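First up is the structure itself, then whatever we jot down about it.
Here, each number is a calculation from the coordinates, and none is a lab measurement. None of the values given here were measured: they were computed from a predicted structure. All Cβ positions, glycine included, derive from the backbone under ideal geometry; neighbour counts span all protein chains shown.
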Amino acid sequence: MGNFLADAYLWTKSFHVISIVAWMAGIFYLPRLFVRHTESVEKGSETDLLFQDMERKLLKLIMNPALISTWIFGLCLVFTPGVVDWSAGWSWIKAASVIAMTWFHMWLALRRKDFVEGKNTRTGRQYRMMNEFPTLLLIVIVIMIIAKPF
């Protein structure tokens with residue numbers, strides 16, 4: 001299997017990056033939808049149902065598949081001989097950041113259910129603030145994987 005992964009390295013890395021871009025687009029956009037949903041939409045209105053549909057489709061049709069493919073291609077890279085040095089600190093920080101990004105994805109999915117059930121208790125400001133979390137994680141992940149500072 002090691003030879004196959006080594007031979008497919010550039011393809012695997014390409015599909016991993018494509019998956020990340022799609023995932024991050026959704027990770028950045030869904031909280032912005034929540035801000036508008038919270039601040040501009042009356043519960044139970046036609047617009048409320050429209051926002052719920054947009055949020056559901058973004059999560060189910062783009063974000064979830066992108067999350068899964070990011071993990072699959074990422075794990076293929078992890079198991080490709082010579083790609084990850086687990087004795088270096090950068091690899092552990094990057095791994096922890098990816099787990100945190102996955103947690104954030106799941107948190108967003110739970111917040112979407114709050115809107116469906118009419119139980120959203122968060123403000124637009126809170127969603128705006130939470131939208132900074134994936135940005136910080138992205139910065140850490142990119143620095144760890146490219147600069148490998150330690």
Just one of (1) in contact with a His (Cβ under 9 Å, 6 or more places away or on another chain); (2) closer than 30 Å to ASN3 by Cα trips up ILE99, so point out which. (1)
Positions within segment 60-88 being of a type outside the set (Ser, Thr, Tyr) and assigned to a loop (DSSP other than H, G, I, E, B), in sequence order: PHE79, PRO81, GLY82, VAL83, VAL84, ASP85, TRP86, ALA88
Within segment 23-51, take every residue that is in contact with a Pro (Cβ under 8 Å, 6 or more places away or on another chain) and under 12 Å from THR70 (Cβ atoms) and give me the one that is surrounded by the most Cβ atoms within 10 Å (Cβ to Cβ). ILE27
So the check is Cβ under 9 Å with 6+ separation or different chains; which pairs have a first residue in segment 122-150 that's more than 18 Å from GLY26 (Cβ to Cβ) and a second one that's outside any helix (DSSP H, G or I)? ILE143/PRO149; LYS148/ASP85; LYS148/ALA88; PHE150/ALA88
Residue count, segment 118-147 (criterion: touching a Lys or Arg at 6+ places or on another chain (Cβ under 9 Å) and not β-branched (Val, Ile, Thr)): 10
How many of the residues in segment 26-46 are touching a residue at least 60 places away in the same chain (Cβ under 8 Å), assigned to a helix (DSSP H, G or I) and not basic (Lys, Arg)? 9
On the basis of being of a type in the set (S, T, N, Q), touching a helix residue (DSSP H, G or I) at 6+ places or on another chain (Cβ under 7 Å) and under 22 Å from ILE20 (Cα atoms), does ASN120 make the cut? no
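Of these, LYS94, LYS60, which one is of a type in the set (Lys, Arg), surrounded by 13 or more Cβ atoms within 10 Å (Cβ to Cβ) and within 15 Å of the chain's Cα centre (by Cα)?
On the way: LYS60 fails: surrounded by 13 or more Cβ atoms within 10 Å (Cβ to Cβ).
Within the list LYS94, LYS60, the selection yields LYS94.
Which of the residues belonging to segment 1-60 are among the basic types (Lys, Arg) and within 23 Å of GLY124 (Cβ to Cβ)? Before you say what the answer is, go through the steps one by one.
At the first step, the residues of segment 1-60 found to be among the basic types (Lys, Arg) are 13, 32, 36, 43, 56-57, 60.
Result: ARG32, ARG36, LYS43, ARG56, LYS57.
Taking the condition in contact with a Ser or Thr (Cβ under 7 Å, 6 or more places away or on another chain) and closer than 25 Å to LEU136 by Cα, does ILE20 pass? Spell out the reasoning first.
Numbers: in contact with a Ser or Thr (Cβ under 7 Å, 6 or more places away or on another chain): yes; closer than 25 Å to LEU136 by Cα: yes.
Yes.
Can you find, within segment 1-22, the residue that is nearest to THR102 (Cα to Cα) among those that are among the aliphatic types (A, V, I, L, M) and exposed (fewer than 13 other Cβ atoms within 10 Å of the Cβ)?
Step one: filter segment 1-22 for residues among the aliphatic types (A, V, I, L, M), giving 1, 5-6, 8, 10, 17-18, 20-22.
Okay, now just the ones that are also exposed (fewer than 13 other Cβ atoms within 10 Å of the Cβ), so 1, 10, 17, 21.
Numbers: MET1: 27, LEU10: 24, VAL17: 16, VAL21: 14 Å.
Per the criteria, the residue is VAL21.
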